[in-house]
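The values are calculated or read from the model by the stated rules, or taken from the named source; none is laboratory data. Keep in mind the model is a prediction, meaning the values are calculated, not measured. Neighbour counts run over all protein chains shown; Cβ positions are idealised from the backbone, glycine included.
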Amino acid sequence: MSDFPPASSSSGSTAAPFMLDRSKLVPTVDIQDVSHFYGEGEGRKQVIFDNNLTIYPGEIVIMTGPSGSGKTTLLTLIGALRSLQQGSLKVLGKELRGLSTAEQVKVRRNIGFIFQAHNLFDSLTAYQNVRLTTELHDYTPEQRHQLPINMLTDLGLKERLHYKPANLSGGQRQRVAIGRALVNQPKLVLADEPTAALDKDTGRQVVTLLQHMAKSQGSAIMIVTHDNRILDVADRIVNMVDGYIVSNIEVAENIAICKFLSKCSVFEGASPNLLSEIAGKMKREKHPFGTPIIKQGDLGDKFYVVRNGRVEISKSKDGRTDTVVHLGPGAFFGELALLRNEPRAATVTATEPVEVLTLSKEVFLEVRKNLGTFEEQLRKATFGGH
């Protein structure tokens with residue numbers, strides 16, 4: 001039996017909605033090997049460990065993780081609210097390491113901050129609190145008047161423009177703080193639990209506004225949250241545990257890969273959670289036109305999914321080489337050699353520049369080992385594994 005599926009059993013040849021190529025975009029945030037410590041001397045404690053993260057214009061990144069994992073610390077480093085100690089951190093093209101206090105203030109003026117603490121001026125109305133931030137920018141008097149009104153109206157506070165914080169609910173005060181952060185249409189928005197004090201409908205209104213800013217204005221938005229209700233707006237979901245970024249998932253690509261994996265017979269019966277976990281462990285490889293991706297007779301060490309481009313499957317026997325099939329985006333190959341621990345049964349060659357997603361043999365076999373049959377999964381779900 002061949003190590004490769006016939007043309008009819010591949011996952012199809014239609015290109016998938018994978019993420020956009022960002023290779024030509026200048027990152028809004030570029031974090032390289034950043035670490036951070038609290039305290040001094042014997043009491044010095046490391047809370048951020050050699051993290052790397054890049055955020056691009058128009059992208060919404062949601063960071064999740066347990067309380068105390070370092071999410072807010074990283075957010076304040078990006079916002080130039082703390083001095084960078086180790087590594088490199090560029091925000092809007094500006095390296096933050098070594099900046100003076102005055103230079104940090106200049107960086108912060110181009111960032112919209114949304115924090116759990118509203119930090120509104122009690123003596124000012126909602127309108128005045130939002131208008132105050134427009135004074136930092138070169139607006140006309142008419143713009144300074146109208147922009148806060150438009151923003152607060154978009155946030156459902158048209159009837160509360162002239163109310164002071166003491167006369168607003170907690171959710172309304174939070175929306176005023178959000179309006180203050182967004183009124184100047186910043187190219188970077190940093191939000192720490194922006195929907196924590198909001199009900200479902202109002203929270204949805206806020207994240208929809210953030211989503212609009214990202215897509216229409218090219219704003220980069222980073223949200224730290226425990227609110228699972230808003231995860232659907234994310235382009236990427238980053239998970240942080242004990243000071244380490246442990247996963248960085250491209251949501252659209254993850255979904256597309258999951259759809260491909262669900263059509264692969266070796267993952268039949270896998271839950272959406274398991275498919276997502278598998279997708280997060282896949283690596284990318286690029287192969288130029290004409291290069292062999294795997295060779296007949298080699299030991300199998302990876303499972304493959306075609307991300308972009310096309311490949312040719314060919315088999316050699318008695319000095320003759322025949323083409324078996326051509327595969328395009330979404331097709332998978334290479335599973336039988338792993339399952340049977342046999343050499344590759346054919347050669348796979350890139351017939352144009354190809355990008356493939358791979359899963360190592362070890363991870364592939366571990367997944368298969370834990371997958372079990374549908375009956376076994378159903379028994380586990382129903383009887384707790386008994």
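General remarks:
- Checked against the criterion of being among the charged types (D, E, K, R), modelled with pLDDT of 90 or more and farther than 17 Å from Leu359 by Cβ, segment 241-264 has at least one qualifying residue.
- Scanning segment 162-201 for residues that are among the aliphatic types (A, V, I, L, M), surrounded by fewer than 16 Cβ atoms within 10 Å (Cβ to Cβ) and either at pLDDT below 90 or touching a His at 6+ places or on another chain (Cβ under 7 Å) (or both) returns a single hit, Ala196.
- Filter pass, Thr14 being over 30 Å from Thr347 (Cβ atoms) and either at pLDDT below 95 or within 25 Å of the chain's Cα centre (by Cα) (or both): no
- Flag for Thr349 being out of contact with any Cys (no Cβ under 9 Å at 6 or more places or on another chain), assigned to a strand (DSSP E or B), touching a residue at least 12 places away in the same chain (Cβ under 8 Å) and of a type in the set (Val, Ile, Thr): yes
- Residue list for segment 121-136, filter: surrounded by 15 or more Cβ atoms within 10 Å (Cβ to Cβ) and either in contact with a helix residue (DSSP H, G or I) (Cβ under 7 Å, 6 or more places away or on another chain) or in contact (Cβ under 8 Å) with a residue 24 or more places away in the chain (or both): Leu124, Thr125, Ala126, Tyr127, Asn129, Val130, Arg131, Leu132, Thr133, Thr134
- Residue within segment 313-327 that is within 27 Å of the chain's Cα centre (by Cα) and either aromatic (Phe, Trp, Tyr) or part of a strand (DSSP E or B) (or both) present: no
- One residue from Phe332, Phe260, Phe289, Phe303 being aromatic (Phe, Trp, Tyr), in contact (Cβ under 8 Å) with a residue 24 or more places away in the chain and surrounded by fewer than 17 Cβ atoms within 10 Å (Cβ to Cβ): Phe289
- Only one of the numbered conditions (1) closer than 21 Å to Gln217 by Cα; (2) free of Cβ contacts under 8 Å to residues at least 12 places away in the same chain; (3) of a type in the set (Asp, Glu) is violated by Glu95, and that is (1).
- Count of segment 265-286 residues which are over 25 Å from the mean Cα position of the chain (by Cα) and within 24 Å of Glu342 (Cα to Cα): 3
- Considering segment 79-115, and only residues there that are among the charged types (D, E, K, R) and at pLDDT 95 or above, the residue that is surrounded by the fewest Cβ atoms within 10 Å (Cβ to Cβ) turns out to be Glu95.
- Asp21 vs. criteria in a loop (DSSP other than H, G, I, E, B), surrounded by 21 or more Cβ atoms within 10 Å (Cβ to Cβ) and modelled with pLDDT under 95: no
- Tally of residues being part of a helix (DSSP H, G or I) and under 24 Å from the mean Cα position of the chain (by Cα) across segment 77-106: 2
- Taken together, the criteria exclude His118 from residues that are surrounded by fewer than 18 Cβ atoms within 10 Å (Cβ to Cβ), of a type outside the set (A, V, I, L, M, F, W, C) and more than 25 Å from the chain's Cα centre (by Cα).
- Candidates Ile313, Ile294, Ile278, Ile245: the one that is in contact with a helix residue (DSSP H, G or I) (Cβ under 8 Å, 6 or more places away or on another chain), surrounded by 14 or more Cβ atoms within 10 Å (Cβ to Cβ) and not small (Gly, Ala, Ser) is Ile278.
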